[in-house]
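Undergrad: Got a structure for you, written out below as structure tokens; questions coming shortly.
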Amino acid sequence: MTPNTYLLALAALAVSFVGFSTLVITLRQTAGGALSLLDAFLMRTFIQLGFLVVAGALLPPLLSLSPLEAAQIWRLASLAVSVPALFFAITYPSRRQFVFGKRTPTSIYTDVAVLSGAGLLLVLNASGLVFAPGAFVFAASLTLILCLSGWAYLQALTLLLREHLSHSDGRVE
């Protein structure tokens, strides 16, 4: 399998994830009314992470159309994805705290640490200091970000269901 084949499949999967995650949050509103600030924040979070993976996965195939050598492609793509990934990870706890109005739980910091780890792997791939820049670390980092997004989505869905049940009589309709 070529790296581009894997990355294009990953991009397609990430687009599907974005659509599915926003659809489920939107459908949840049919049972409970208008889109809340929390719903909008969570939907935006999964759209951002999903499209980070999509853009990252499409960048190497695009760059392969240029005269750049393979190592340059992996360096440039890794750097281009690492910056928004690390920015997202660093700012997420404060953005979440602002929307929720309460302290960010410790469990969320685990998600932030995993995303930061993926971002740092991309930085290492871009630098070429520890290992030669390559497709494996790049693809593995993007895959980790997408898997983390899926895990975080399940955490968010659990939170939304708990909130919904606390506002109802406890019955699932």
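The values are calculated or read from the model by the stated rules, or taken from the named source; none is laboratory data. Here the structure is a predicted model, which means the values were calculated and not measured. Every residue, glycine as well, gets a Cβ built from its backbone with ideal geometry; the counts of neighbours run over all protein chains shown.
Undergrad: In the list F51, F46, F17, which residue meets the criterion of being touching a Leu at 6+ places or on another chain (Cβ under 8 Å) and either farther than 18 Å from F88 by Cβ or touching a residue at least 24 places away in the same chain (Cβ under 8 Å) (or both)?
TA: On the way: F51 fails: touching a Leu at 6+ places or on another chain (Cβ under 8 Å); F46 fails: touching a Leu at 6+ places or on another chain (Cβ under 8 Å).
Residue meeting the stated conditions: F17.
Undergrad: Let me ask something else. Among A80, A139, A85, which is the only one that is touching a Pro at 6+ places or on another chain (Cβ under 9 Å) and at pLDDT 95 or above? Walk me through it before giving the result.
TA: Details: A80 fails: touching a Pro at 6+ places or on another chain (Cβ under 9 Å); A85 fails: touching a Pro at 6+ places or on another chain (Cβ under 9 Å).
The unique qualifying residue is A139.
Undergrad: Being out of contact with any strand residue (DSSP E or B) (no Cβ under 6 Å at 6 or more places or on another chain) and in a helix (DSSP H, G or I) is true for just one of L35, L65, L86. Which residue is that?
TA: Numbers: L35 fails: in a helix (DSSP H, G or I); L65 fails: in a helix (DSSP H, G or I).
Only one candidate passes the filter, namely L86.
Undergrad: Scanning segment 65-113 for residues that are of a type in the set (K, R) and either out of contact with any Ser or Thr (no Cβ under 7 Å at 6 or more places or on another chain) or touching a residue at least 60 places away in the same chain (Cβ under 8 Å) (or both), which turns out surrounded by the most Cβ atoms within 10 Å (Cβ to Cβ)? Quick ask: steps written out before the conclusion?
TA: The first filter runs over segment 65-113 and keeps only residues of a type in the set (K, R), leaving 75, 95-96, 102-103.
Now restrict to residues that are either out of contact with any Ser or Thr (no Cβ under 7 Å at 6 or more places or on another chain) or touching a residue at least 60 places away in the same chain (Cβ under 8 Å) (or both): 75, 95, 102-103.
On the way: R75: 20, R95: 14, K102: 8, R103: 10.
By that ranking, first place goes to R75.
Undergrad: Another question about this same structure. Between T106, T5, T110, T22, which is closer than 23 Å to F136 by Cβ and among the hydroxyl-bearing types (S, T, Y)?
TA: Just one listed residue meets the conditions, T5.
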